[in-house]
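*Asks:* A single structure is presented below for examination.
The values are calculated or read from the model by the stated rules, or taken from the named source; none is laboratory data. From a predicted model like this one, the values you see are computed outputs, not experimental measurements. Cβ placement follows ideal geometry from the backbone for every residue including glycine, while neighbour counts extend to all protein chains displayed. When the accessible area is computed, the model is the full protein with side chains, heavy atoms only, and any ligands, DNA or RNA have been set aside. Shrake-Rupley method; radii C 1.70, N 1.55, O 1.52, S 1.80 Å.
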Amino acid sequence: MKRITLLIMTTLMGLSVHAWGQTAEQMILLQKNPGLAETITSQINNQKKPGASSGGVPTSKEAKELNANDTVTNPSLVTQSIAPAASTGSVIQRYYRVLSEQSLPIYGASEFSQRQDQSLLFFNTMGKNYRLAAGDVVRVTIRGRTMGDASYKIARDGNLILPSLAPVPVSGSTIAEAEERLLDILQLDDASAAVFISLETARLITVQVSGAVASPRTIAVPAYTPLSRVLAYAGGIKPTGSLRNIVLRDRDGNTQSIDFYNFLQSPTGSNDPLVTDSSRIFVGNQGKTIGAVGFVARPGIYELQVGSESISVAQLLKLTGTSVIPPGAEFEALFFDDNGITSKRKIDRSGFLNAGEVLDLRFVETKLQDSIEVIGAVLNEYKMASAKPVSLQNLLKDGAVLRTDAVFDFAIMISNSGEAQTLSLRDKLLDPSFFVPLNTKLVVFSTAQYRNLLNANPNQSDDPIVSAIDQSDRVELFLNGKKIAFIPPTEGKLFADVLKYHYRLTPETSLDLAIIEGPTGQARSVDLQSLLELNKQFTLSAGQKFYLFETKFLEVNSQNIDPTKAPQATTSLYWKTLKRLFSRANVIQVKLDDQTRGFLPENTRLGPVKALKMLGFDDFGDLSDLVL
C-alpha cells in the first residue's frame, strides 16, 4: 500500500515531464488508468493557456504593443480634449476689450484647439533615420535567391522575426541600420541578396503635456507626431498660455524652446518639431502682449517676443498681415494713463508701441470733408467721403456691395438732423440722376430685419431705426388688417406695377374690395380689380395705408367686422380697429336672411341681382329679405 501511494505522488510531481522522461512504473500505471492520463493531460493544457492559474497563482495575458493601426479599431486610445468656450474671455482679453472697446481674439490660439481627425494617423513622411521600436510595423522586401515581400510587427523584445531566420534585434536602430544588419545576415549565404525596409505603421508613444493647456495630461500619439498636433490633442493652449515659450524635453533630457509665431508666420510651416517617446511638453504663461484694431488684416492680441517690452508699428503690421495702408489713414496708440483713464497718442509707421497698448489704424475724419454712411445688409459697412452728393449707383457700386439677403424694394435715408426719407433701391439703382445727399446715413435692410420692423411698435421700441421709419414718408400695406410691407411714395407708375413687388395676388385675394386710408384718417373703399386694371399712372402719397383682404377671411370674420353691430367688451383692439375702418370707408354689406354674404366698395354700380350673382348666389329666391 505504501508503495502504490508513493508511485502516484511521483507521477503527479512529474506532470510536466515528457513521455520519454517517465519511468517504466509510471508508464504502466498510466496504461492501467486511462482516466488518470486524461485528467493529467487536461491539467497540463489548461496551465499553458494565457491567464490560467497554477496552484492559485494567476498568470498575465500575452503583452501587446500598440501602434497607430489600433487607434482605427479603438479610437478611445487617443482621447482628445476640446478647450471649453470661455464666455467672458481671459483677464488679458477683458483688459483689451475695455481699452479698445472691441472683443479681440488671441492670435494663433485657434490653430491648436481644432479637434483631430482620427483617420489622420501620420503627419510626416518617415525617412531612413526613423528609429524603430516595439509596436512598429515595417515592410520588408528581400531580393536575391530568397524572395520576400511582407509586413512584420516588431516584437515586444525589440526583435524583427522573419521566416527561416533567427530573430534580428532592431529596437533603437534606424531603418537604415536595420536594413544593413539584415543584409549582413542574408549575404552570408547569398552574395546577391538585397534588402529594403520601410515603415508601414508607427507605434504609439506616450507624451506628457503640462502647463497652460486646456487639458494637461499624458497622452498616446503615433510616433513622431508634430508638436502642434499634440497640443491639439490636449485641447489647445489656454488664452493665458504662451505661443512663444513652449519647452519640448526628450527622454534624454535634451530641451528646446519653441516660438510658434515662426510656425504661424512661415509659409512653409517651419519650426514644428516632432515628438519622441517619453517627451514632455510644457506651455509657459503668456508674456507681454499688444493689441491691433481698425483697418488691419487680423485684429487681435499679439504676444511680444520673450524679454521684449515694445514693438515697432512696422513689425506689428507684419504680424497682422497688413500690407496695404489705406490713403488718409492715421496711426494711434491707445493706452491707460497713470489714473487709469483711456488715452491716445498719434504715432507713425516708424514709431513704437509699448506692452499693453493697442494700435488703432483708422481713416482720418476731417471737417473739410463730408461723408455718406452705408450700414445694414452690405458686405461691409462703410463711409464715403465726398465734397458733393453721390449717385446711388456709385455709392452702392451698382449693387455689388449688397448682401444676398438685402431688401431691394425698401430702404431709408436718415440725415444728421433726423429727417428720414424712404426709397426703392430697385428703382433708384436704375436712375443715374438720383443722388444721396451728404451727411446722410443710408440704411439697407436684410429680410429678417425688415420683417422685425413690420411688427415693431414705435411706442414701445428704443431702436432709432424704428423711430426713423415711424417719422418717414412711407406708405403701409396691410393684408387682413396685418401690416405686410412698407412702400416708398410713388408716382408715374401703374398701381399693379407697384403692388407686385410687395404683394403677390393669389386665388384667395378678394378682388372686390380694398380700402385706402389717408394720412388724416379718412378712408374710402374701392374695387381692387378696377384698380389693378387701371391703365393710367397712380400716385401713392406719404402716410397712406392700403388694406387688402382675402375672401375666406371676410367670410369667416364677417360678424367681427360688421360695423352695424356694437363691439363686445371682450372684443380685441384688432377687431375694433377693423370695424371702425369698414365704417369710415362706407363699405357696403350684402346681407341675406340677416346673414352677411359679402362686402362691396361704396361706389359700386351693381344692382342687387348683379351684386348677388357676383358674390356667387345664383338661386336667391324671394328678394324681399335682401338688404344692401
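*Asks:* If I go through segment 90-112 residue by residue, how many of them are open to solvent by less than 20 Å² (accessible area, probe 1.4 Å) and of a type in the set (A, V, I, L, M, F, W, C)?
*Replies:* Adding up the residues that qualify gives 3.
*Asks:* Does at least one position in segment 435-450 carry a residue that is closer than 27 Å to Leu528 by Cβ, open to solvent by 10 Å² or more (accessible area, probe 1.4 Å) and out of contact with any Gly (no Cβ under 9 Å at 6 or more places or on another chain)?
*Replies:* Scanning segment 435-450, I find at least one residue that is closer than 27 Å to Leu528 by Cβ, open to solvent by 10 Å² or more (accessible area, probe 1.4 Å) and out of contact with any Gly (no Cβ under 9 Å at 6 or more places or on another chain), so the answer is yes.
*Asks:* Follow-up question, since we're still on this one. Starting from residues that are among the β-branched types (Val, Ile, Thr) and surrounded by 11 or more Cβ atoms within 10 Å (Cβ to Cβ), keep the ones in segment 565-586 and report whichever is farthest from Leu548 (Cα to Cα).
*Replies:* Selected residue: Thr571.
*Asks:* Could you figure out which of (1) open to solvent by less than 10 Å² (accessible area, probe 1.4 Å); (2) part of a loop (DSSP other than H, G, I, E, B); (3) among the polar types (S, T, N, Q) isn't true of Ser192?
*Replies:* (1)
*Asks:* Which is under 28 Å from Ile281 (Cβ atoms) and open to solvent by 30 Å² or more (accessible area, probe 1.4 Å), of Gly172, Gly241?
*Replies:* Within the list Gly172, Gly241, the selection yields Gly172.
*Asks:* Is it the case that segment 204-211 has a residue that's surrounded by 15 or more Cβ atoms within 10 Å (Cβ to Cβ) and under 16 Å from Ala109 (Cα atoms)?
*Replies:* The answer is yes, given that some residue of segment 204-211 is surrounded by 15 or more Cβ atoms within 10 Å (Cβ to Cβ) and under 16 Å from Ala109 (Cα atoms).
*Asks:* Quick check on this structure: which one of Gln460, Gln471 is open to solvent by 10 Å² or more (accessible area, probe 1.4 Å) and under 17 Å from Lys545 (Cα atoms)?
*Replies:* Gln471
*Asks:* Which residue, of Arg345, Arg349, Arg362, is outside any strand (DSSP E or B), among the basic types (Lys, Arg) and either surrounded by 14 or more Cβ atoms within 10 Å (Cβ to Cβ) or touching a residue at least 12 places away in the same chain (Cβ under 8 Å) (or both)?
*Replies:* Going through Arg345, Arg349, Arg362 in turn, the sole match is Arg349.
*Asks:* Also, I was wondering about something else. Among the listed residues Val283, Val296, Val313, which satisfies the condition of being surrounded by 14 or more Cβ atoms within 10 Å (Cβ to Cβ), over 21 Å from Arg94 (Cα atoms), under 29 Å from the mean Cα position of the chain (by Cα) and touching a residue at least 40 places away in the same chain (Cβ under 8 Å)?
*Replies:* After applying the criteria, what remains is Val283.
*Asks:* Also, quick follow-up: Do we find that Thr141 is in a loop (DSSP other than H, G, I, E, B) and not small (Gly, Ala, Ser) in this structure?
*Replies:* no
*Asks:* Another question, then. How many residues are within 16 Å of Asp409 (Cα to Cα), in contact with an Asp or Glu (Cβ under 6 Å, 6 or more places away or on another chain) and surrounded by 16 or more Cβ atoms within 10 Å (Cβ to Cβ) if we restrict to segment 487-527?
*Replies:* The total comes to 1.
*Asks:* Go through segment 414-423 and report how many residues are of a type in the set (Ser, Thr, Tyr) and surrounded by 19 or more Cβ atoms within 10 Å (Cβ to Cβ).
*Replies:* Residues flagged as of a type in the set (Ser, Thr, Tyr) and surrounded by 19 or more Cβ atoms within 10 Å (Cβ to Cβ) within segment 414-423 amount to 1.
*Asks:* If you don't mind, there's one more thing I want to ask. Val230: open to solvent by less than 30 Å² (accessible area, probe 1.4 Å), touching a helix residue (DSSP H, G or I) at 6+ places or on another chain (Cβ under 8 Å), within 21 Å of Tyr130 (Cα to Cα) and at pLDDT below 90, yes or no?
*Replies:* Criteria not met by Val230.
*Asks:* With respect to Phe282, is the statement that it is of a type in the set (Phe, Trp, Tyr), more than 30 Å from Leu438 (Cα to Cα) and in contact with a strand residue (DSSP E or B) (Cβ under 7 Å, 6 or more places away or on another chain) true?
*Replies:* Yes: the conditions hold for Phe282.
*Asks:* Just to be sure before I move on: is Ser558 assigned to a helix (DSSP H, G or I), under 56 Å from the mean Cα position of the chain (by Cα) and at pLDDT 75 or above in the structure I sent?
*Replies:* Against the criterion (assigned to a helix (DSSP H, G or I), under 56 Å from the mean Cα position of the chain (by Cα) and at pLDDT 75 or above), Ser558 does not qualify.
*Asks:* Another question about this same structure. Among the numbered conditions (1) of a type outside the set (D, E, K, R); (2) in contact with a strand residue (DSSP E or B) (Cβ under 9 Å, 6 or more places away or on another chain); (3) open to solvent by 10 Å² or more (accessible area, probe 1.4 Å), tell me where Val221 comes up short.
*Replies:* Of the numbered conditions (1) of a type outside the set (D, E, K, R); (2) in contact with a strand residue (DSSP E or B) (Cβ under 9 Å, 6 or more places away or on another chain); (3) open to solvent by 10 Å² or more (accessible area, probe 1.4 Å), the odd one out for Val221 is (3).
*Asks:* Moving on to the next point. Identify, by number, the condition in (1) among the basic types (Lys, Arg); (2) open to solvent by 60 Å² or more (accessible area, probe 1.4 Å); (3) in contact with a strand residue (DSSP E or B) (Cβ under 7 Å, 6 or more places away or on another chain) that Lys536 doesn't meet.
*Replies:* All conditions pass for Lys536, except number (3).
*Asks:* List the pairs whose first member sits in segment 495-523 and is free of Cβ contacts under 8 Å to residues at least 40 places away in the same chain and of a type in the set (D, E, K, R), whose second member is buried (at least 19 other Cβ atoms within 10 Å of the Cβ) and not in a strand (DSSP E or B), and whose Cβ atoms are under 7 Å apart, counting only residues at least 6 apart or on separate chains?
*Replies:* Short answer, once both residue conditions are applied: none.
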